[in-house]
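See below for the structure under consideration.
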Amino acid sequence: MSDPKNPTRAKDGRDKPKESAHRIEGGIDAVVIGAGADGLAAAAYLGKGGLRTVLVGAGPEIGGRIAKREIASGVEGVDGEHLVTALDPDVIAELDLYRHGLEFAARRLDTTYFFEGGDVLRFDGDLAQAALLSLDHDDDREALEIFMSEVLDMAALLRPAFRPFAFPGGGNHQRVLEKAMAGATPEAAARLRRFCLSNADDIIHGRFGDGPLRALLLAETAFRSAAAPNEPFSFLSLLRRYSGEAAGLQGAAAYPKGGAVSVITALRRAAQSAKVDVRAATPVKSILIEGDRVGGVTLADGGQLRAPIIVAAIDAEQAYLTMIGAGMIDIGLERILTARRPEIASARMQIVLKGVAQDDATRRNMMRRLVYAPSPEALAKAFNEARAGRVPQSLVVEAVFPTALDEGAALDKRQVVSVMAHPLPFDAEPDAERREAIRSAILDNIEMFAAGFSGRIEADDLRLAADEAAAAKASPAAYAARPDILRQWALSSAVTGSGDITGFYFCGPEAQIGAGLSCAAGRAAARAALHAYRKGAA
């Protein structure tokens, strides 16, 4: 039944699929394919720019892989990202997301690091203040203060190079990198060049020796990356991590009130306020190419949406090889997409614990980001094992307690902990045995810093790359860990080059540099489309 206040919405709040079988709809300026965060951001920008925009999502829900779901009886969890570290501040400001309901329950999370042997170290959520914490020696504090100042400065300098491009012909990250160096002082340019060319372990070991600071910084470098910290150019991964902002603070981690799904809700409201026609359960079969330009899309039910602008916020394989077709794109792009062989992935587990914290120290820790950092040797071995298709014994584990951070998520006599673990082998179709091996490995690593944890588990829910891809109706390869930054730059430039098809713009997962919820790719695609549209060359 329809909602009488909004005939395009059902009473349960979901968008009603349009009856479009064998119909041809015209009068549309832009169609956005994919109703995840970047698709919503792109659609909101296009609508705000005055274009009549239709956003279509293949699934029954808006949000792609980020969604609220029951993970145990009476307990809801949020799939997808569990923290915000890279949400584009321009997207927040230009789409007025705070006015549309975005709110942070925790704006600057401190991080408590746990190490083999039981050592513990806490970082301030403001990384510029990290050295003021419980380090035992003045020399360590001074070394960390100097290091973090250099890293944050260099990460900020490189921020333009970590933004995706989205226009015909692709972007040139090398040119942006050279521009950043040209604008820096000679000392800063030399440091930036060294940081860009070095592996992370060489730089970090040279600064901090074999102590816990080395382990925690290598864990941060390796987390969610397919490049191990002892491999070439891997220091760029740490710079990318610390170039992001959370609630206005560089390098911080924040928890949105209601979880990441609240970011989706704010983006959706921004799109709807811009008069975007949002349609769920409307899968696209193909993108219409007429000569060298787009003409619209054909829907799975046979209908068509005619438009001179198509923005694809889906994975590149689906967009280029399935919807456009290999015969219509550059052979180089086809080779890039067909030759990809992901090896490394992350896993997400949401766990329901029986009981609540009784002591103040535990409650304080639950208000922080918790990270288990294996030794550098164990971390290097973990990458080798994952690449060989085996589940490593040692993992980097990041955990947060949504029920402690967000009053609205509190439960009676239970707690929810959200965990992300890395590195793990990538499986496009993991079987039950592989899932159980990953589950056991994650719990074993949590036991390293929270003895007795497993005995309090009431229920748990494991999500692998294949599960996230299924939720977004995407190729599993799109949700594998990202390669080193240099290869990410090359892939992003290739997929956003749009195959020289006029009117086509891409902002899927492969366009983004680094992990995390960003929306920068959606913003870039929409701005490029608007620029071309106003010049009459969409």
Residue that is buried (at least 20 other Cβ atoms within 10 Å of the Cβ), closer than 30 Å to Tyr113 by Cβ and modelled with pLDDT under 95, where the choices are Leu333, Leu353: Leu353
Picked from the range 472-487 (must be over 15 Å from the mean Cα position of the chain (by Cα) and not in a loop (DSSP other than H, G, I, E, B)), the residue surrounded by the most Cβ atoms within 10 Å (Cβ to Cβ) is Leu486
Can you tell me which residue among Arg224, Arg268, Arg240 is charged (D, E, K, R), touching a His at 6+ places or on another chain (Cβ under 6 Å) and modelled with pLDDT of 95 or more? Arg224
For the range 183-293, give me every one of the helices (runs of 4 or more DSSP H) that falls completely inside it and has 1 or more residues that are surrounded by 24 or more Cβ atoms within 10 Å (Cβ to Cβ). 200-208, 212-222, 235-243, 261-273
Verdict on Tyr45 being surrounded by fewer than 24 Cβ atoms within 10 Å (Cβ to Cβ) and assigned by TED's automatic domain parsing to the domain that holds Arg527: no
Whether any residue in the range 376-387 is under 19 Å from Asp467 (Cα atoms) and touching a Phe, Trp or Tyr at 6+ places or on another chain (Cβ under 9 Å) is what I want to check. yes
When you go through Leu299, Leu333, Leu305, Leu288 one by one, which is the residue that is within 15 Å of Gly497 (Cα to Cα) and hydrophobic (A, V, I, L, M, F, W, C)? Leu333
For the range 90-103 the number of residues that are crowded, with 16+ Cβ neighbours inside 10 Å, in a helix (DSSP H, G or I) and not acidic (Asp, Glu) is 2
Under the condition of being modelled with pLDDT of 95 or more and assigned to a loop (DSSP other than H, G, I, E, B), which residue from the range 517-538 is farthest from the chain's Cα centre (by Cα)? Cys519
Given the criteria more than 23 Å from Ala222 (Cα to Cα) and surrounded by fewer than 17 Cβ atoms within 10 Å (Cβ to Cβ), does Asp360 qualify? yes
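Each row is one residue, and each column tells you yes or no for (1) modelled with pLDDT of 95 or more; (2) within 25 Å of Phe123 (Cα to Cα); (3) not polar (S, T, N, Q).
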| position | (1), (2), (3) |
| --- | --- |
| Leu379 | yes, yes, yes |
| Val400 | yes, yes, yes |
| Ala409 | no, no, yes |
| Ala450 | no, yes, yes |
| Asp461 | yes, no, yes |
Which one of the conditions (1) assigned to a loop (DSSP other than H, G, I, E, B); (2) more than 23 Å from Leu249 (Cα to Cα) does Phe114 fail to meet, given that it meets all the rest? (1)
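The values are calculated or read from the model by the stated rules, or taken from the named source; none is laboratory data. Not measured: the values here are computed from a predicted model. For neighbour counting, all protein chains shown are included, and Cβ atoms are generated from backbone atoms with ideal geometry for every residue, glycine included.
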